[in-house]
C-alpha cells in the first residue's frame, strides 16, 4: 500500500552570456514508474528552442540550448505526482551478492569523480564492517555522517570530493551524499547520487541525496535530514554530482541567480518513517 | 569500403582465494556491429557456473562468479572478426555542438574518477585551444602525450589519476588514455575509455586506449603507439578504468598471474593510417 | 657598489575576537645586514603587550599577543633603509654543488607544505633541465610561470599548493612564488619563500616572491613582475607561506580588514635590472 | 634522577651510482645534552672524503659526498651514551600558551610537506578537543593512531602524507609519526619529527617517532609501540620526513641495500613507563 502526493514546482534560472555559448540544464523532473509529470512547461526569455536529451536509462533529462550573447532566463514549471512506498514489511532490505546484481546496477559499484571509494576500502571496513548488512549498515553510515560532518554552506565547492569532505569534516548536501555513496561502494554496496527538488527545504535550492541497491530495488537515504523524503521530486540520478549537475555550460556563460518554489498540492496522509523510503 | 580481420584470443587468469569470495571479470570481447564473436568459451578450473552481465549500452560484458577458498584459474578463448573502417574520406571529423550530441553520449562530457577534467579546463584551453577543432585537435593532444609522458611500467598504480600522471610525467597505457580523455572533456569533447586485447603488443597484456565523439561516431586514439589499432579487440568501454577494470573482487581474492595470446588468423590487407580509426 | 633606499610603512590590521584567543603576527620588517629599521612602532587598540619572537636564523619576527573578546586593531609603522646590490659583475651566478652548500641552506632543498618538489622531479627536468645552470635556468622558470600562469585573485586560497596551481594554471603572488620554489628544489637548487611589503604594488597588500641560492648568496626572483624588486621590504623568509603567513591565530579570531601604505622617502638612483637582485 | 644507557651502532648502506652523482646522508647520531657520542667512525668503500653539515639548530647532521660511477658502500659505527629522564614528577606536562613558546619552537606549529595540519583543524578538534590539554591529549592521539591505523609495510611510499595515511588507515612508522604531528599542530601544539636508531626493533631499520613541546621541553611519543623509547638513538629532527630523510641523492644514484645493528652495552635499570619520555 503506497501513498500518493502531488507537488507543484516553479523554477527560474538566470544566466549572463558574454558571447554565444551553450547550456545543458538538468532541472526537469524525470519520468519514472513512481513519479508522473501531470503538467510541465519549459521556456526561456529569449524564445530559444530547447533540445531535450533523456539519458538511455531514463534517469536524467537534459534541456540543451545554444544562446547568443545577452541575458537569459530559463523557466520550469510542473505538477508532479509521486508514489511513496514506505518500507512495506521488509523493514531491513538485505545487501545483494554481487553476482546477483542486475546488469544495470553493476556500474554503481565503481568509484567516480567525487566518490573515490577505492581510497576508503579499509576505513569503511573498520568503521562499518561490523554492522548488520543491509539497511542497518547504511543507516549506520548515515548516522555517522550526520553526527560527524558539519553542514556548513560555503566551505566546499564544485570540485570537492568525498575524501576531501571526510577530512574537512564539513560540507553541504552534495558532500553528504558523496560521502554516503563512497562508504557504500567501498563496502561493495551499489550506490548512486540523486538530485531533487525538496518540499520543505529551508532556503529552497536543488537538494542532493543518495540511493543504495538493497534487495531488489534502490532505496533513498539523506544524511542531511533537512527535508522529508516523501517530498523529493527527482531531477536526476547518476554516479555523483558530475553527471547530475544542474547546469553544464560554455566558459562564456555565467550563472546569475536562481529561484525555486515547491508546494504540496495534496493533503494525503504521510507514511514517513525513519526506515528507507523507496521511489 | 572496410577491411575485415580475424583474431584468436587465449587468456588465462589465476587467482588465490583466501576465503569464499567473488569476482566480476571483464575479459570477454564485446559484441558490436563491427566486432563479431565467431566462437567463444569461458571456463574455470573449479567448474563454477558464471553469471554474465552485459551493461545496458552493450559496451561491457562481465562474467561474475562466487568461489570457495582455494586456487582458481579462469580461461577465455575466442575467435573474433573485426571490421576496420579507416577514415573514409572524412579525414578530419569535426567536433559536434553540444546540443546536438546523442543522448547516450552526453555522459562522456563529465569528469570521472581518474579523469578529473574539471581541474584542467584552463590548462587544456591554453595548451590545445588554438588547434583546429576536431581530429586535428585530438591528434595534437595525442602527440603532446606521446612526447611528454614517459611510458614506464611500475611507476603508477590502480589509484593514479590523469592529473597525477600529468604532474608525474610518466605512466602506462591506462594513464595515457586517462590523460587523453581528460584533456578532451576539459575542452568539451566527449571521450571514453577503451580496454582491449591488442594484437602485436609486446609483453601481451590488456591494453587501454580512448575514443572521442567526432562528427557522428566514436573514433579511436592511442597515444602510446604501442600496437596497431586495427588489432584491438575490445573488451569494454566506460568512463575510465574504474568501470572497465579487468577484475573486481572481494578483499579475500588475490590476483596471481595472467597469460594472454592474441593471434591474427586472416592476412587481409591493412588499411592502417595515422588518422583516426573507428570501430 | 650598491644603492640605498628608504621607505616608510604604515599597516593597520583589524580582527574580531569571538572569545579570548591569541594571534601571532608576522608583519614587522626583519633586521638584516642590508635592511635596517630606522624607526619602528608596534601597537594595538587594546593596549595589550606584544611578545616578540625572532626565529633563530633571524629570517622572521613574530609579534604574539593574547587578546580578550572584542575588536582588535594592530598598527605597525616603520622607516626602513635597504641596500640594493644589483648583479655586480656576476650577471649569471652559478648553481652550487650540493656538498658545498652552507649547512643553513641545506633545508631549502626539501619539499614543504605548499611546495611538493618531490612530485615534480621529472616534469622540472623535462621542462628546465636543458637550460644553462644558474641564473639562466631560474630566469627561464620565472618566464615560464609569468607566461603560463594567469594572475587571478580569488581563484586560489590559503590551502592551495604549487602542484595545484600548476594544474589550475592560475593563482596569486603566493602561488607564483610556491611554483618557482618547487621547480627549483625539484632541480636540486635551494629555494625559499619571501614575504614583503612592496613599494609600487597596485592595491597595497603583503607581497610574495622567492629566493634561490646561487653562488654564495640568496638571489631574489618575482615571477609576477607586479612591483620593482628594489622596493621590497622583507617581513619574513621561510620554506613557504606556511611559516611566513601574516597571521596565525586561534579559531575564535576572525580577520576583518587590512590597510597598507608604503612610500619611498629617498630619491636615490635605481639600479633595477632584469637580472637577479640580491638583498 | 635519570638513567644512562650505552648503545653501539653499526650501519652499512650500499648504493649503485650510474654516473657521477652526490649523496647527502643523515645517518649519524646527533650530539645533544642528553646524547653523547663516545666513539664514531664514518667511512666508505671508495675512500671519498665526506663533508659534514650540522644544521644550525644542531638537530641533524648530514654527511655529503660526491661519488664517481660504480658501487658505493657507506659505513657508520658509533658508541653512544644516552640519558633517560622519565617523567620526573610532572606526569602530565601542560600545553604552553602560544605566545609563551620559545622562538625556536614556533616553526613547529606550521604545516609541512607530509603533515598538512591546516587540512585537519576541524577533524582534530572534533576527535581530540575534549581531552585534557597536555600529555593526556597527546596520549589520546597516540592511542587513536595505534588502534585505528594498521602497521603494514609496503602500503605507503616516500610521497605519502598524513592526510593520505588517515584515509588509507594503514602505514609504517613514518606515517604514524606524521599523523601524530599533524593532529598536534592542528590543535595548536608544536610537534616535530624524529628519526632514530631503535634498540629492540624487530627487522632493524631507521625508526620514526615524534615529539611535542609540552611545558618547557620536547617529549617523545611513538604510536607504533614497536620498540622501547629508552633505546632510541636520534639521528635527526625536523618538520617531517622531508628534512630528515636518511638519504638525499642525485637521480643517478640507486639505493641497493642496508644493514643496521644496534646493541645495548650497559645493563642499567630501565625506567620505562607509559608516560612521555624526554630526551
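The values are calculated or read from the model by the stated rules, or taken from the named source; none is laboratory data. It should be emphasised that the depicted structure is a prediction, and the values quoted were computed from it without experimental measurement. All Cβ positions, glycine included, derive from the backbone under ideal geometry; neighbour counts span all protein chains shown.
Residue-by-condition table, conditions (1) touching a strand residue (DSSP E or B) at 6+ places or on another chain (Cβ under 7 Å); (2) crowded, with 24+ Cβ neighbours inside 10 Å; (3) under 22 Å from residue D:117 (Cα atoms):
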{"position": "C:134", "(1), (2), (3)": "yes, no, no"}
{"position": "C:140", "(1), (2), (3)": "no, no, no"}
{"position": "C:150", "(1), (2), (3)": "yes, no, no"}
{"position": "C:159", "(1), (2), (3)": "no, no, yes"}
{"position": "C:192", "(1), (2), (3)": "yes, yes, yes"}
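Within segment C:33-48, which residues are touching a residue at least 12 places away in the same chain (Cβ under 8 Å), in a loop (DSSP other than H, G, I, E, B) and more than 22 Å from the chain's Cα centre (by Cα)? C:45, C:46, C:48, listed by residue number. If only residues of segment C:84-97 that are buried (at least 20 other Cβ atoms within 10 Å of the Cβ) and at pLDDT 85 or above are counted, the one that is farthest from the other protein chains (Cβ to nearest Cβ) is C:93.
In summary, residue B:56 fulfils each of the numbered conditions (1) touching a strand residue (DSSP E or B) at 6+ places or on another chain (Cβ under 8 Å); (2) within 10 Å of another protein chain (Cβ to nearest Cβ); (3) under 20 Å from residue B:241 (Cα atoms) with the single exception of condition (1).
Using the structure shown, decide if residue A:181 is in the same structural domain as residue A:120 (by TED's automatic domain parsing), in contact with a helix residue (DSSP H, G or I) (Cβ under 8 Å, 6 or more places away or on another chain) and buried (at least 18 other Cβ atoms within 10 Å of the Cβ). Answer is yes for this residue.
Criterion first (at pLDDT 95 or above and either assigned by TED's automatic domain parsing to the domain that holds residue A:237 or exposed (fewer than 14 other Cβ atoms within 10 Å of the Cβ) (or both)) does residue A:39 satisfy it? Here the answer is yes, as residue A:39 does meet what is asked. Just one of the listed residues (B:7, B:50, B:75) is within 14 Å of another protein chain (Cβ to nearest Cβ) and on the phi < 0 side of the Ramachandran plot, and it is B:50. Among the numbered conditions (1) within 18 Å of the chain's Cα centre (by Cα); (2) not assigned by TED's automatic domain parsing to the domain that holds residue D:19, the only one that residue D:120 does not meet is (1).
Among the residues of segment B:104-122, are any in contact (Cβ under 8 Å) with a residue 40 or more places away in the chain, on the phi > 0 side of the Ramachandran plot, surrounded by 15 or more Cβ atoms within 10 Å (Cβ to Cβ) and more than 10 Å from chain A (Cβ to nearest Cβ)? Within segment B:104-122 (the criterion being in contact (Cβ under 8 Å) with a residue 40 or more places away in the chain, on the phi > 0 side of the Ramachandran plot, surrounded by 15 or more Cβ atoms within 10 Å (Cβ to Cβ) and more than 10 Å from chain A (Cβ to nearest Cβ)), the answer is no, since none of the residues qualifies. Considering every residue within segment D:49-59, establish whether at least one is out of contact with any helix residue (DSSP H, G or I) (no Cβ under 7 Å at 6 or more places or on another chain), assigned to a strand (DSSP E or B) and not assigned by TED's automatic domain parsing to the domain that holds residue D:163. Checking segment D:49-59: at least one residue is out of contact with any helix residue (DSSP H, G or I) (no Cβ under 7 Å at 6 or more places or on another chain), assigned to a strand (DSSP E or B) and not assigned by TED's automatic domain parsing to the domain that holds residue D:163. The helices (runs of 4 or more DSSP H) found entirely in segment B:80-190 that carry 1 or more residues being under 29 Å from residue B:248 (Cα atoms) are B:135-148, B:162-168, B:173-186.
Annotation: of all residues in segment D:62-72 being outside any loop (DSSP other than H, G, I, E, B) and more than 9 Å from chain C (Cβ to nearest Cβ), the one that is surrounded by the most Cβ atoms within 10 Å (Cβ to Cβ) is D:67. Answer yes or no as to whether residue C:231 is in contact with a helix residue (DSSP H, G or I) (Cβ under 8 Å, 6 or more places away or on another chain) and more than 14 Å from chain D (Cβ to nearest Cβ). It is false that residue C:231 is in contact with a helix residue (DSSP H, G or I) (Cβ under 8 Å, 6 or more places away or on another chain) and more than 14 Å from chain D (Cβ to nearest Cβ). Looking at the structure I just gave you, is residue B:130 away from every other protein chain (no Cβ under 11 Å), without any contact (Cβ under 8 Å) to a residue 12 or more places away in the chain and either more than 29 Å from residue B:6 (Cα to Cα) or buried (at least 20 other Cβ atoms within 10 Å of the Cβ) (or both)? In short, yes.
Of all the criteria given as (1) under 18 Å from the mean Cα position of the chain (by Cα); (2) assigned to a strand (DSSP E or B); (3) surrounded by fewer than 21 Cβ atoms within 10 Å (Cβ to Cβ), the one not satisfied by residue C:77 is (1).
Name the residue that is nearest to residue C:94 (Cα to Cα), counting only residues in segment C:173-191 that are more than 13 Å from chain D (Cβ to nearest Cβ) and within 14 Å of the chain's Cα centre (by Cα). Top of the filtered list is C:191.
Pairing residues of segment C:148-159 that are more than 14 Å from chain D (Cβ to nearest Cβ) and touching a residue at least 24 places away in the same chain (Cβ under 8 Å) with residues that are in a loop (DSSP other than H, G, I, E, B) and surrounded by 13 or more Cβ atoms within 10 Å (Cβ to Cβ), at Cβ distances under 8 Å and at least 6 apart in sequence or on separate chains, gives C:149/C:169; C:149/C:223; C:151/C:172; C:151/C:224; C:151/C:226. Please work out which residue is surrounded by the most Cβ atoms within 10 Å (Cβ to Cβ), limiting yourself to segment B:199-211 and to residues that are more than 29 Å from residue B:132 (Cβ to Cβ) and touching a helix residue (DSSP H, G or I) at 6+ places or on another chain (Cβ under 6 Å). Filtering segment B:199-211 for residues that are more than 29 Å from residue B:132 (Cβ to Cβ) and touching a helix residue (DSSP H, G or I) at 6+ places or on another chain (Cβ under 6 Å), the one surrounded by the most Cβ atoms within 10 Å (Cβ to Cβ) comes out as B:199. Filtering segment A:11-32 to residues that are in contact (Cβ under 8 Å) with a residue 40 or more places away in the chain, outside any strand (DSSP E or B) and within 19 Å of residue A:218 (Cβ to Cβ) leaves A:26, A:29, A:30.
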